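Data first, discussion second: the structure below is written as structure tokens.
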Amino acid sequence: MDIAIIGAGNVGRSLATAFVRAGHAVVITSRDPEDAGAVAAATGATLSPSNRDAASDASVVVLAVPFSSATDVAAEIGEVVRGKVVIDATNRMSFGADGPDIDTATSNAEELAALLPGANVVKAFNTLFASHQADPIAEGVQLDGYVAADDDAARALVLELVESTGLNPIDVGPLARARQLEGLAFLNITLNIANGGSWQSGWKLVGAPVALADAA
Ligand SMILES: NC(=O)c1ccc[n+]([C@@H]2O[C@H](COP(=O)([O-])OP(=O)(O)OC[C@H]3O[C@@H](n4cnc5c(N)ncnc54)[C@H](OP(=O)(O)O)[C@@H]3O)[C@@H](O)[C@H]2O)c1
């Protein structure tokens, strides 16, 4: 696949590493070309001069920026991602009087879809800490890569991409399931904060969720 990663931080670097290792062609951008260039050099990706250029030449675009940058990025790439797959790997968290909190009435992915009419937005990779986005094994166990999308073909393509990186791909259904996927990430983050964790924990659904007749 031809993949553009927007954002060259922890997630951009890890996903570039995983995608290049899986044999995909990867371009990467950030607002700081020196920074993104260093990540490109380290991972085998190619630096792209702008978010729009990166998205124009790719068939799959990955949003790996803080969600506060999503509106700016959407304005830059909106025209060129019509009909394309855009993967939302972002998470969110707010801090209230009682500590970390999350609004479960919507999701970043659904908000991104509203910002990118015509694009096929897919939620994926957000439940994995960056460390495990490039290393799908935790304590000897293959971690899950959950994928949510409204478009069946886009979901199938991203399930294939997830599997190519060594994760166990799990189809969780429509894009609205991103609310729960962002909740899973939130829970893992707050557990690591509360316990001074090493940010190595990851999600694995044990026991295949298939009909008994299929499992027999
Ligand atoms: N860290 C994790 O383990 C993890 C795991 C799953 C999901 N996530 C989510 O993934 C996203 C990225 O997290 P991260 O840890 O990689 O953050 P990070 O290390 O702070 O990196 C963010 C990257 O986005 C770039 N960026 C910001 N605004 C941009 C714009 N308008 N155009 C292009 N690039 C832009 C930044 O570079 P410039 O400022 O130079 O542009 C930087 O390279 C967040 O939404 C986070 O919630 C994080």
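The values are calculated or read from the model by the stated rules, or taken from the named source; none is laboratory data. Not measured: the values here are computed from a predicted model. Reconstructed Cβ throughout: ideal geometry from the backbone, glycine too, with neighbour counts over all protein chains shown. Side chains are part of the model used for accessible areas, which takes the heavy atoms of the whole protein and leaves out ligands, DNA and RNA. Shrake-Rupley method; radii C 1.70, N 1.55, O 1.52, S 1.80 Å.
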Positions within the stretch 20-37 being part of a loop (DSSP other than H, G, I, E, B) and surrounded by fewer than 21 Cβ atoms within 10 Å (Cβ to Cβ), in sequence order
Ala22, Gly23, His24, Arg31, Asp32
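Taking the condition at pLDDT 95 or above, open to solvent by less than 20 Å² (accessible area, probe 1.4 Å) and of a type outside the set (Lys, Arg), does Ala45 pass?
Values: at pLDDT 95 or above: yes; open to solvent by less than 20 Å² (accessible area, probe 1.4 Å): yes; of a type outside the set (Lys, Arg): yes.
Here the answer is yes, as Ala45 does meet what is asked.
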Conditions (1) modelled with pLDDT of 95 or more; (2) of a type outside the set (Phe, Trp, Tyr); (3) open to solvent by 60 Å² or more (accessible area, probe 1.4 Å); number of the one not met by Ala40
(3)
When you look at Asp53, is it more than 9 Å from the ligand (Cβ to nearest atom) and not in a loop (DSSP other than H, G, I, E, B), yes or no?
yes
Hits in the stretch 71-105 - residues which are within 17 Å of the chain's Cα centre (by Cα) and within 16 Å of Ala148 (Cβ to Cβ):
Val85, Val86, Ile87, Asp88, Ala89, Thr90, Asn91, Arg92
Give me the pairs, please: first residue somewhere in the stretch 116-140 and of a type in the set (S, T, N, Q), second residue anywhere and assigned to a strand (DSSP E or B), beta-carbon distance under 6 Å, and either six or more positions apart or on two chains.
Asn120/Val85; Thr127/Tyr146
Subset of the stretch 57-70, residues more than 9 Å from the ligand (Cβ to nearest atom) and in contact with an Asp or Glu (Cβ under 9 Å, 6 or more places away or on another chain), comes to Asp57, Ala58, Ser59, Val60, Val62
In the stretch 2-19, what residues are part of a helix (DSSP H, G or I) and either modelled with pLDDT under 95 or crowded, with 18+ Cβ neighbours inside 10 Å (or both)?
Val11, Gly12, Arg13, Ser14, Leu15, Ala16, Thr17, Ala18, Phe19
Single match in Val141, Val158 (criterion: within 21 Å of Phe67 (Cα to Cα) and among the hydrophobic types (A, V, I, L, M, F, W, C))
Val158
May I ask you to list the residues in the stretch 48-70 that are surrounded by fewer than 23 Cβ atoms within 10 Å (Cβ to Cβ) and under 17 Å from the mean Cα position of the chain (by Cα)?
Ser59, Pro66, Phe67, Ser68, Ser69, Ala70
Ala36 - would you say it is more than 9 Å from the ligand (Cβ to nearest atom) and at negative phi?
no
Does any residue in the stretch 1-25 that is closer than 17 Å to Leu159 by Cα and more than 13 Å from the ligand (Cβ to nearest atom) come within less than 7 Å, Cβ to Cβ, of a residue that is open to solvent by 40 Å² or more (accessible area, probe 1.4 Å) and modelled with pLDDT under 95 six or more places away or on a different chain, and which pairs are these?
Asp2/Asp57
